[in-house]
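Working notes, beginning with the structure itself.
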Amino acid sequence: MKKSVILLFAVIFVVVGVFCAKKSVKEPTLPQIKVEGNSFVDTDGNIIIFRGLALSDLHKLVEDGKWNKEHLQMAKDWGANVVRFAVHPLWLREHGHDAYYQLLDQGIAWAEELGMYAIIDWHSIGNLKDEKFFRDIYETTQLETFEFWEAMAKRYKGRTSVAFFEIFNEPTFFNGQLGSLTWDEWKVYNEKMIDIIYEIDNTKIPLVAGLGWGYLLNEVVNNPIDREGVAYVTHPYPQKVEPPWEEKWERDWGHVADIYPVFATEFGFMSKDEKGAHIPCISDENYGKRLVNYFTRKGVSWTVWCFDPDWAPTLITDWDYNLSLQGTFFKNVLQNRVFNFTDVE
């Protein structure tokens, strides 16, 4: 065969290879979400309010035989437009990074096919500064946390459905039992993590948790994270403060939503007789109605905890998807889009 013919075949092979490689790159199927003022907006400038469900760790779902598209389909059928994937450091290590990330890829692909956005949540509880944590399942290090977000930013760069990185679930020093942590100190670690992410992909929206187990944002307005495109997280469980709630929510985190986007990525309620009942989750539908009303008035996005029969407060009581007390309430809210209740006590 002449050299010119061989060269021609080589060129064709390269061109076809490049074309196929480009075709194999997943094209965005959901509009890019970004921060604009105190709102999340899509590429057309439409304000998007996210309402959805917080999932249990995919490691648990695998063990329960529920890591499948049907589980995500059920979330969609409830009316969710976003799901939160909780990644526990211990289970990431035990499962193995490569295997775990492949499972996460599956979940994100299922959510995307169903038209739902994803939050990836580094589900640790404790004090990252002093590397002291509430339980062994939440134990991590600064290095592991930084490396996790570098890996996530690289893996999901350009993946518009992966809109949010919740960079630490619940910071707390637990009344001194887990060291000490001020907002100024917490800011430093969040800005480091955001820099790691933004160096790779500055289209992701970092979700920064408040202190006090992810609840308090009272210092944000006067001392915000010094980065663009950031949103803030609160976990307003009913017993974080005594009722009447609204004036305390406004003081502790609600006022932030007038300036920056706020995303309540965890909350929920249960009766004292339900399985796993514990402080700060004991309440009833009146709390649910008041909180949904408040979210609506302030433009706050949310994912309710937890779409699992074992992690309280649960939305379901078993894997037949029978509803708990709050599951009945929030499924009705999501499906019927009732975001303003007039019959609150």
> Pulled fully out, how much extra length does the chain show between Thr328 and Glu131, if you take 0.36 nm times their separation in residues and subtract their Cα-Cα distance?
Replying inline: 67.1 nm
> Between Tyr117 and residues 5 or more places away or on another chain, which pairs have amide H atoms under 5 Å apart, with H built 1.01 Å from N, and which residues are they?
Replying inline: Val82, Val83
>> Can you compute the modelled spin-label distance between Asp310 and Asn218, with each label point 7 Å from Cα toward Cβ, in nm?
In response: 3.7 nm
> Can you give the net charge of the other residues whose Cβ lies under 13 Å from the Cβ of Leu334, counting K and R as +1 and D and E as -1?
Replying inline: +3
>> Please give me the summed charge of the neighbours of Phe146: other residues whose Cβ is under 14 Å from its Cβ, Lys and Arg +1, Asp and Glu -1.
In response: -4
> Sequence-distant or interchain residues sharing an amide H contact under 5 Å with Leu216, placed H: which?
Replying inline: Leu211
> For Phe341 and Gln32 in the same chain, what is the full-extension length gain: residue separation times 0.36 nm, less their Cα-Cα distance, in nm?
Replying inline: 108.1 nm
>> If I build a Gaussian network model for the chain, linking alpha-carbon pairs within less than 10 angstrom, which residue out of Glu170, Glu150, Glu274 has the largest mean-square fluctuation?
In response: Glu274
> Can you give the FRET efficiency for Glu242 and Asn46, using 1/(1 + (r/R0)^6), R0 = 56 Å, r = Cβ-Cβ distance, to the nearest 0.05?
Replying inline: 0.90
> Using the C-alpha gyration tensor of segment 28-336, what are the square roots of 5 times its eigenvalues, in whole angstrom, with the largest one first?
Replying inline: 24, 23, 21
> Who wins for biggest fluctuation among Ala277, Ala257, Ala80 in a Gaussian network model of the chain, springs between alpha carbons below 10 Å?
Replying inline: Ala277
> Going by the alpha-carbon gyration tensor, a ≥ b ≥ c the square roots of its eigenvalues, is segment 225-345 rounded (a/c under 1.5) or, if a/c is not under 1.5, prolate (a/b greater than b/c) versus oblate?
Replying inline: prolate
> For the cross-link pairs Lys76/Lys154; Lys69/Lys331; Lys34/Lys129; Lys66/Lys157; Lys34/Lys60; Lys129/Lys192, which exceed 21 Å when the distance is taken from alpha carbon to alpha carbon?
Replying inline: Lys76/Lys154; Lys34/Lys129; Lys66/Lys157; Lys34/Lys60
>> What do you get for the angle between helix 325-336 and the principal long axis of the chain? Use alpha-carbon atoms, 0 to 90 degrees, nearest ten.
In response: 60 degrees
> Ser324's amide H: which non-local residues (gap 5+, or another chain) put their own amide H closer than 5 Å, with H modeled 1.01 Å from N in plane and none for Pro or chain starts?
Replying inline: Ile316, Thr317
> How would you rank Val344, Val62, going from fewest to most other Cβ atoms within 10 Å of each one's own Cβ?
Replying inline: Val344, Val62
>> Compute the helix-to-body angle for 97-113: its Cα long axis versus the longest principal axis of the chain, expressed 0 to 90° and rounded to tens.
In response: 80 degrees
>> Quick check: net charge around Thr203, other residues with Cβ under 11 Å of its Cβ, Lys/Arg +1 and Asp/Glu -1?
In response: +3
> What is the spin-label model distance, in nm, from Glu147 to Asp98 if the labels are put 7 Å beyond Cα along the C-beta direction?
Replying inline: 1.5 nm
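Every number in this text was worked out from the coordinates using simple rules, so none of it is lab data. Because the structure is a prediction, the values reported are computed rather than measured. Cβ sites come from the backbone with ideal geometry, for glycine too, and all protein chains shown count toward neighbours.
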